[in-house]
Amino acid sequence: MGTPITVAVTGLHRGDNPQPGAAIVRSLRRAVPDLRVIALSYDPLESALYSHGLDRVDAVYLLPFPRKGPALLLDRMRYIQKRERIQILIPNLDSELANFIKIAPELEREGISAMLPPPAAFDARAKENLSEFCRSHSLSGPLTFAAHDATMLAYYAAQIGYPVYVKGKYYEAHLVYSGIDLAEKYDKIARVWGTPVLVQEALFGDEFDVVGLADHDGEIIGHCAIRKLSRTHAGKGFGGVVVHDSKIVATAKRIVKALRWRGPFEIEFLKGHGRPHLLFESNPRFPAWVDFPSQIGCNLPLRLMETLLGASPMPLDVCDAGQMFIRHSVDLVGDMAELAKLSSDGEYAAGPLAPKMELTS
């Protein structure tokens, strides 16, 4: 038996605002059971750090928060690489991707491969640039403005007309109906995520997602399109059904090609108000529901890993319309010693085979 492949993954929270990391680990382990998984986390309470199931991880390392910048991240990654010899990196959080894109050449020299978009593509699909991107490529989308203070945000909101969505650059969105609510939500988002804060036209209708993987030429290797059946309070899909909608898929292909995108993506659409196929968001990573298509023959994380390893790819099936998923929650059992060690040392060996740790007084 050869040496196991070592993959590092971020974004391992699976609560009511789930992140993609654990779903990616499940997808990969289903195909490669002896995979070695290194969890890279910003929070010692990320739930999947303590899973012993199919999404289990073998070791955990804390990273500096993204606002600390790329230099500290590179230093930390070099330290981790000396201990773990990572081959594949799959980052999954919008807020961290700019830093990973900046240090990608240095990581490649350290032996860590990642499939990341070009910087220009990453910036072009950002929430604050959504309206301009839609105008430039003859796409429909909600009016969106970015502001660095509450006064300008209120000015833009008045132009759009209430109600509007107030959004953070990376995460968090609130539907507001007045200037008072807008100022309150601006302060809340700016304190956590910084500026700019976005105000967006509030449109309503059926929500559709396309998850996919693009090659180095901006061509889609594989994809799965769903209509959301249920959502969390944060708008995350908690249930969905596969659809065959040629217009949505064709629009997604046009967006990916226009961006010259490379790597994972999720493109969200809204259909309603007599304006079909509104481009709602374009996210630069797999969504939290990416394990669903993996279970029905379209394992996009596996294809990503195969591409980076230069391995012969497994075939990707077309997802059949009508197949659906519904997420549910389970309780994970861990040990306070794991949390204590991770919080104090910034790392620990994980999983059911890890040595028993005891707290010292």
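The values are calculated or read from the model by the stated rules, or taken from the named source; none is laboratory data. Quick caveat, the model's predicted, so the values are computed rather than measured. Backbone-built Cβ (ideal geometry, glycine too); neighbour counts: all protein chains shown.
I'd like to know if segment 71-93 contains one or more residues that are among the charged types (D, E, K, R), outside any strand (DSSP E or B) and closer than 25 Å to GLU281 by Cα. Within segment 71-93, none of the residues are among the charged types (D, E, K, R), outside any strand (DSSP E or B) and closer than 25 Å to GLU281 by Cα. For segment 212-222, the condition holds for at least one residue, the condition being that it is loosely packed, with under 14 Cβ neighbours inside 10 Å, within 20 Å of the chain's Cα centre (by Cα) and touching a residue at least 40 places away in the same chain (Cβ under 8 Å). Filter segment 23-47 for residues that are without any contact (Cβ under 8 Å) to a residue 40 or more places away in the chain and assigned to a helix (DSSP H, G or I); which is surrounded by the fewest Cβ atoms within 10 Å (Cβ to Cβ)? Across segment 23-47, the extreme among qualifying residues is ARG29.
Contact annotation: residue pairs with Cβ atoms under 8 Å, 6 or more positions apart or on different chains, pairing a residue in segment 122-141 that is hydroxyl-bearing (Ser, Thr, Tyr) with a partner that is part of a helix (DSSP H, G or I), are SER140/CYS134. Criterion applied to TYR177, TYR162 was being surrounded by fewer than 17 Cβ atoms within 10 Å (Cβ to Cβ), in contact with a Gly (Cβ under 9 Å, 6 or more places away or on another chain) and not small (Gly, Ala, Ser), and the one residue passing it is TYR162. LYS169 meets all of the listed conditions (1) part of a helix (DSSP H, G or I); (2) of a type in the set (D, E, K, R); (3) over 26 Å from GLU347 (Cβ atoms) but one, namely (1).
Can you tell me which residues in segment 129-147 are among the hydrophobic types (A, V, I, L, M, F, W, C) and not in a loop (DSSP other than H, G, I, E, B)?
Of everything in segment 129-147, those that are among the hydrophobic types (A, V, I, L, M, F, W, C) and not in a loop (DSSP other than H, G, I, E, B) turn out to be LEU130, PHE133, CYS134, PHE145, ALA146, ALA147.
For segment 73-89, the criterion of being modelled with pLDDT of 95 or more and in contact with a Pro (Cβ under 8 Å, 6 or more places away or on another chain) is satisfied by at least one residue. Taking the conditions (1) under 16 Å from ASP345 (Cα atoms); (2) part of a loop (DSSP other than H, G, I, E, B); (3) in contact (Cβ under 8 Å) with a residue 40 or more places away in the chain in turn, PRO64 satisfies each one other than (3).
Among the candidates LEU12, LEU54, single out the residue that is surrounded by fewer than 15 Cβ atoms within 10 Å (Cβ to Cβ), in contact (Cβ under 8 Å) with a residue 24 or more places away in the chain, in a loop (DSSP other than H, G, I, E, B) and in contact with a helix residue (DSSP H, G or I) (Cβ under 8 Å, 6 or more places away or on another chain).
LEU54
Quick one: in segment 311-361, of everything that is assigned to a helix (DSSP H, G or I) and within 17 Å of SER41 (Cα to Cα), which residue is modelled with the lowest pLDDT? Of everything passing the filter in segment 311-361, GLU338 is modelled with the lowest pLDDT.
Yes/no per residue for (1) surrounded by fewer than 17 Cβ atoms within 10 Å (Cβ to Cβ); (2) touching an Asp or Glu at 6+ places or on another chain (Cβ under 9 Å); (3) not aromatic (Phe, Trp, Tyr):
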position	(1), (2), (3)
HIS244	yes, yes, yes
LYS247	yes, no, yes
ALA252	no, no, yes
ARG260	yes, yes, yes
